[in-house]
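The structure appears right after this line, and notes come after that.
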Amino acid sequence: MSAELVARSAPPYNHFTQIGDPVLRQRAEEVAADRVDSQEINDIVQQMVNVLRHYDCVGVAAPQLGVPLRMLVMEFREDKRERFSPEIYEQRKMSTLPLAVFINPEMEIISEIRHTHPEGCMSVRGFSAEVARYDRVRISGIGKLGTPSEMLLEGWNARIAQHEMDHLNGVIYVDRMDVSSFNCVTWQKINAAGGREYTSIMLQPLHKLCRGHHRYLSTSLATPQSFRKWYQQLWTTKRTNLPPYDHFTQIGDPVLRDKAAEVPADYVNSKEIHAIIDQMVNVLRKYDCVGIAAPQIGVSLRIIAMEFKPSIRKELPESTYKARQMSELPLTVLINPQLAVTDYIKHKHPEGCMSVRGFSAEVERYAAVKLTGLDREGSATELELSGWNARIAQHEMEHLDGKLYTDHMDRSTFMCTCWETVNTKSGRVEIPFYK
């Protein structure tokens, strides 16, 4: 049963603050001995338990509620067993953990054996990744009644303890994750709903499913093998809403991790490829972004489109515009593009991706590149790019090779771009995947 929470826009929050909030990146302070049994600390502990149960999760560290103190609570209730198959429950060594409270906890690694399993975090809402954790740990500290407490934990409960202890040291699971496994946990629902889905920081109902958009691949060529049949051979998974989508598919979709196929010469100037390009440009402009690769709308082909409109300059401080070496880039479409670095100096700037919606991080990119490929009509084209436009090109080219910026970002800078709004609005914020 979830606890009823009263809206709070000041710590301790009634929601989980999101990655990007500095409180999650600092080492929490110890609770002074004369405060341990105070009403203030008791109230914070009670709020942590309330939030834990309201969100039906298994652990909360005080910094997640905006409180930079070394306190954590954990609970793995028996009824959670019903949510996992017996195989997973046993494989992950899950077991019931009664409510445990620790103030000023310390942890000792008992076993050097590590296991890798999927892990999520309520402060990186909507995502998960594979993380290696030690199998057995001992945690000790001050318990619920202000008396010394100690627990020997193994398996999943040891994982919970390590996760929460990380929070007390300014560490988040994305710092330890296998980047190739990082994924949006609802990517399949997003695609099935035609993009009409969202991540909610609070517990909210989902939008109803909407019809898919599959008309663009409904025609065929007058050739022994139709374009549709040829393209279907490239698909790696069954899809409930056929591409090309009119939204950005999210990290976790296998299409974003495949190396995209080249468009055969016979198809470059076909109506099917033109339809895919038209859809890419429509999505690019609908979401008001600067680049798109065909895999981002579910199409595993080597096609990119880029556009940096003059109007963007009005939205940014002039100092930012100059520091990032931004400049206008007319709509540019390239089929089967190739990239060569022409200036190996690297610059580090914040970067986002519409396939990792609502987040950004600092990424290093080369200062200048040369792109070659075919334009929409199949004519050879070449362009030299520098500064921000070179960054756009490198970002989109990575998508064609099954890579995302999260693979080589500075993990310490990964952040939810709306974390401040999340706190101001007491967690009542939604990150939409459609527009």
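The values are calculated or read from the model by the stated rules, or taken from the named source; none is laboratory data. Treat the numbers as computed from the prediction; the structure is a model and nothing was measured. So basically every Cβ, Gly included, is an ideal-geometry build from the backbone, and we count neighbours across all protein chains shown. Only protein heavy atoms, including side chains, enter the accessible area calculation; ligands, DNA and RNA are left aside. Shrake-Rupley method; radii C 1.70, N 1.55, O 1.52, S 1.80 Å.
Laid out as a table, the results:
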read-out	value
Single residue of region 386-421 satisfying the filter (over 30 Å from Asp166 (Cβ atoms) and among the polar types (S, T, N, Q)) that is most open to solvent (accessible area, probe 1.4 Å)	Ser386
All positions within region 278-307 that are surrounded by fewer than 20 Cβ atoms within 10 Å (Cβ to Cβ) and more than 18 Å from Arg376 (Cα to Cα)	Lys286, Tyr287, Asp288, Cys289
Candidate set from region 107-137 (those that are basic (Lys, Arg) and surrounded by 16 or more Cβ atoms within 10 Å (Cβ to Cβ)); member that is nearest to Val356 (Cα to Cα)	Arg125
Failed criterion for Ala340 (all others in (1) part of a helix (DSSP H, G or I); (2) among the small types (Gly, Ala, Ser); (3) farther than 28 Å from Trp187 by Cα hold)	(1)
Single unsatisfied condition, Leu242 versus (1) in a loop (DSSP other than H, G, I, E, B); (2) closer than 20 Å to Gly373 by Cβ; (3) modelled with pLDDT under 95	(2)
Only one of Trp419, Trp388 that is in contact with a Phe, Trp or Tyr (Cβ under 9 Å, 6 or more places away or on another chain) and aromatic (Phe, Trp, Tyr)	Trp388
When residues of region 125-179 are limited to those that are of a type in the set (Gly, Ala, Ser) and part of a helix (DSSP H, G or I), the one farthest from Asn423 (Cα to Cα)	Ala158
Filtered residue count, region 352-385, keeping only those that are surrounded by 15 or more Cβ atoms within 10 Å (Cβ to Cβ), among the charged types (D, E, K, R) and touching a Lys or Arg at 6+ places or on another chain (Cβ under 7 Å)	2
Meets criteria (more than 32 Å from the chain's Cα centre (by Cα), closer than 16 Å to Ile142 by Cα, modelled with pLDDT of 95 or more and of a type in the set (D, E, K, R)) for Glu40	yes
Some residue of region 182-196 being surrounded by fewer than 17 Cβ atoms within 10 Å (Cβ to Cβ), at pLDDT 80 or above, among the β-branched types (Val, Ile, Thr) and in a helix (DSSP H, G or I)	no
Test: residue in region 55-67 that is in a strand (DSSP E or B), within 24 Å of the chain's Cα centre (by Cα) and small (Gly, Ala, Ser)	yes
In region 372-389, the residues that are of a type outside the set (Asp, Glu), under 13 Å from Ala305 (Cα atoms) and not in a strand (DSSP E or B)	Arg376, Asn389
